[in-house]
Amino acid sequence: MSRLAALTHKITELEQAKRLVGIWQMKGQKVVFTNGCFDILHKGHVAYLAKAAALGDRLVVAINTDSSVRQLEKGTNRPINSEDARAFVLAGLGFVDMVLLFDENTPLAVIEALQPDILAKGADYDPLEKDATSKKYIVGSDIILKKGGTVHAIEFEDGFSTTATIEKINQ
């Protein structure tokens with residue numbers, strides 16, 4: 001398989017993702033799940049994803065579709081990069097094992113379907129938050145904890161954000 005084919009092979013649909021996660025777990029591998037828009041990939045994103053990958057054996061990254069990003073009101077021109085472009089760039093990271101898209105506002109359905117072992121989000125979320133209406137609540141944490149998994153908040157790299165990057169470009 002060519003390197004390009006191997007890269008595009010990491011981008012998958014939910015049904016194939018369920019099969020692969022199941023195989024990895026049957027082999028005793030711990031599957032880490034995270035999600036986000038990852039619109040303009042920067043050092044902060046890469047450091048965050050590397051830290052998430054280090055929590056287990058396999059890293060699954062679910063990204064918001066273009067319509068989902070628009071629903072999140074990230075800004076009138078967002079996303080900057082299309083969902084296909086964002087998925088392709090993430091798949092190019094060696095420590096990312098799988099990329100899939102979700103169209104809802106939250107990845108809850110994907111988490112329910114995949115049943116990962118570990119859930120990771122940024123430090124603006126709180127793994128101990130139980131109130132699902134709180135902005136600090138990690139969607140799907142109840143599912144992961146109920147099955148004996150773990151939930152982690154990962155510190156951000158100071159000075160890196162997509163919003164700040166866009167603002168800098170527009171100056």
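The values are calculated or read from the model by the stated rules, or taken from the named source; none is laboratory data. A quick note: this is a predicted structure, and the numbers were derived from the prediction, not measured. Cβ placement follows ideal geometry from the backbone for every residue including glycine, while neighbour counts extend to all protein chains displayed.
Below is a table of values for the structure above.
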quantity: Matching option when the condition is more than 19 Å from Leu119 (Cβ to Cβ) and out of contact with any Cys (no Cβ under 6 Å at 6 or more places or on another chain), among Leu20, Leu14, Leu7; calculated: Leu7
quantity: Count - residues of the range 114-141 that are exposed (fewer than 15 other Cβ atoms within 10 Å of the Cβ) and outside any loop (DSSP other than H, G, I, E, B); calculated: 0
quantity: Candidates Ala62, Ala5, filtered to the one that is surrounded by fewer than 18 Cβ atoms within 10 Å (Cβ to Cβ) and hydrophobic (A, V, I, L, M, F, W, C); calculated: Ala5
quantity: Subset tally (residues that are polar (S, T, N, Q) and out of contact with any strand residue (DSSP E or B) (no Cβ under 6 Å at 6 or more places or on another chain)) for the range 11-24; calculated: 1
quantity: The range 48-69: number of residues that are closer than 16 Å to Lys121 by Cβ and modelled with pLDDT of 95 or more; calculated: 14
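Per-residue answers, yes or no, for (1) of a type in the set (A, V, I, L, M); (2) more than 18 Å from Ile144 (Cα to Cα):
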{"residue": "His9", "(1), (2)": "no, yes"}
{"residue": "Glu15", "(1), (2)": "no, yes"}
{"residue": "Met26", "(1), (2)": "yes, no"}
{"residue": "His42", "(1), (2)": "no, yes"}
{"residue": "Ile63", "(1), (2)": "yes, yes"}
{"residue": "Asp66", "(1), (2)": "no, yes"}
